[in-house]
Amino acid sequence: VIAISCGSSEQHVTNEITTPEKEIFVPDFNADSAYAYVEKQVSFGPRVPGTPAHSACASWLEATMARFADTVIVQGFKDRAYDGTVLRGKNIISSFNPENKKRVLLCAHWDSRPYADYDPDVSVHDQPIDGANDGASGVGVLIEIARQFSMQHPSIGVDIIFFDIEDYGPPQDQQSTETENWGLGSQYWSRNPHLTGYRARYGILLDMVGVKDATFLMEGFSMMYAPSRVKKVWSLAAGLGYQSYFPEEYGGYITDDHYFINTIANIPTINIIHLERDSQSGSFFEHWHTTSDNMEHIDKSTLKVVGTVVLNVVFREKG
Ligand code: AHN
Ligand code: ZN
């Protein structure tokens, strides 16, 4: 018995040395498809919690992900906004290879902001935004990734979570520093994961990934909680030729869904978020929280870059 086991293990080792590493086939991200998913979300109108557009989009997201994923769980929750408004939210959780213990979490927020409080035109500050980039872009990229997974399953387990009520924080003129006013859906999920004892090796959040020539600077909380993941993703992106989108430069600290996943759920999670170098507008893209965050500023090349990077991350992850 010993001889056989030795022999076979030796052969195994020899095989690993002589045969080149198993070829990794990464599917080709379709940017036209991702763009159509962004457009579809925007077509419902602003997905502001409590509105018919919000419910209609939730139903569409759930039905769409049900076509692609192995399981879809909709996690309903109720929470109080900064101003006391009681809001009903839905986190939409889609899983691939649900039985696999080795998991990666991908996420984005699907709600849109109720106020264009950074619009240059003060008279529209109380109007909701399309959120084509701020919200819909990340979700659109992840739906296309789910479609790719449906045609070619990854070897590891993947959960794609669309978080609700990320962007219902207080308007600018109510200067509040309360971080808990943002990311209500991710806070709820981090305290009440859809499965008890849920774990993932790491998470990747996509936020504002759709504008032309976007720069994804290395965000502060990502570097604080998951520095090795940031380095890996950024060097993989550079290897794919996307260094101008993923420069080795640091951005500010952004209170976003990943902050709560890191601090409450303790899953090291990075944020791929468009941050501008030394801009006064809070470091975000030009049309951030304005009525101009619409389809006119969604660029297929950027969607392609982000989708390709994330697909490469997942398919190169060792099982
Ligand atoms: C704050 O400005 C505190 N958080 C930004 C998070 C965010 C808003 N992401 C998208 N919209
Ligand atoms: Zn926002």
If Pro170 passes every condition in (1) within 13 Å of ligand 2 (Cβ to nearest atom); (2) under 25 Å from Ala214 (Cβ atoms) but one, which one does it miss? (2)
Condition check: more than 30 Å from Arg191 (Cα to Cα), within 15 Å of ligand 2 (Cβ to nearest atom), modelled with pLDDT under 95 and hydroxyl-bearing (Ser, Thr, Tyr). Does Ser292 satisfy that? no
Here is a list of conditions, (1) closer than 15 Å to Ala214 by Cβ; (2) more than 12 Å from ligand 1 (Cβ to nearest atom); (3) in a loop (DSSP other than H, G, I, E, B), and Phe284 meets all of them except one; can you say which number that is? (2)
Residue, farthest from ligand 1 (Cβ to nearest atom), within region 146-199, restricted to residues that are under 20 Å from Phe68 (Cβ atoms) and β-branched (Val, Ile, Thr): Ile156
Residues located in region 267-283, provided they are out of contact with any strand residue (DSSP E or B) (no Cβ under 6 Å at 6 or more places or on another chain) and surrounded by fewer than 23 Cβ atoms within 10 Å (Cβ to Cβ): Glu276, Arg277, Asp278, Ser279, Gln280, Ser281, Gly282, Ser283
Please give the number of the condition Trp60 fails out of (1) over 30 Å from Gln172 (Cβ atoms); (2) among the aromatic types (Phe, Trp, Tyr); (3) in contact (Cβ under 8 Å) with a residue 24 or more places away in the chain. (3)
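Out of the residues in region 179-203 meeting the condition of being in a loop (DSSP other than H, G, I, E, B) and within 16 Å of ligand 2 (Cβ to nearest atom), tell me which one is surrounded by the fewest Cβ atoms within 10 Å (Cβ to Cβ).
Looking at the filtered set, the residue picked out is Trp182.
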Could you list, in sequence order, all residues of region 123-145 that are within 15 Å of ligand 1 (Cβ to nearest atom) and surrounded by fewer than 24 Cβ atoms within 10 Å (Cβ to Cβ)? Pro128
All positions within region 215-244 that are under 20 Å from Val26 (Cα atoms) and surrounded by 14 or more Cβ atoms within 10 Å (Cβ to Cβ): Arg229, Lys232, Val233, Trp234, Leu236, Ala237, Ala238, Leu240, Tyr242
Do any residues in region 162-184 that are without any contact (Cβ under 8 Å) to a residue 24 or more places away in the chain and over 13 Å from Arg113 (Cβ atoms) have Cβ atoms under 8 Å from those of residues that are away from ligand 2 (no atom under 13 Å from the Cβ) and in a helix (DSSP H, G or I), where the two are at least six apart or on different chains, and which pairs are they? Glu180/Gln187
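List the helices (runs of 4 or more DSSP H) inside region 205-270, counting only whole elements, that have at least 3 residues being without any contact (Cβ under 8 Å) to a residue 60 or more places away in the chain and more than 16 Å from the chain's Cα centre (by Cα).
220-225, 227-239
The values are calculated or read from the model by the stated rules, or taken from the named source; none is laboratory data. Keep in mind that this is a model prediction, so the values were computed, not measured. Glycine gets a Cβ as well: all are built from the backbone with ideal geometry, and neighbour counts include every protein chain shown.
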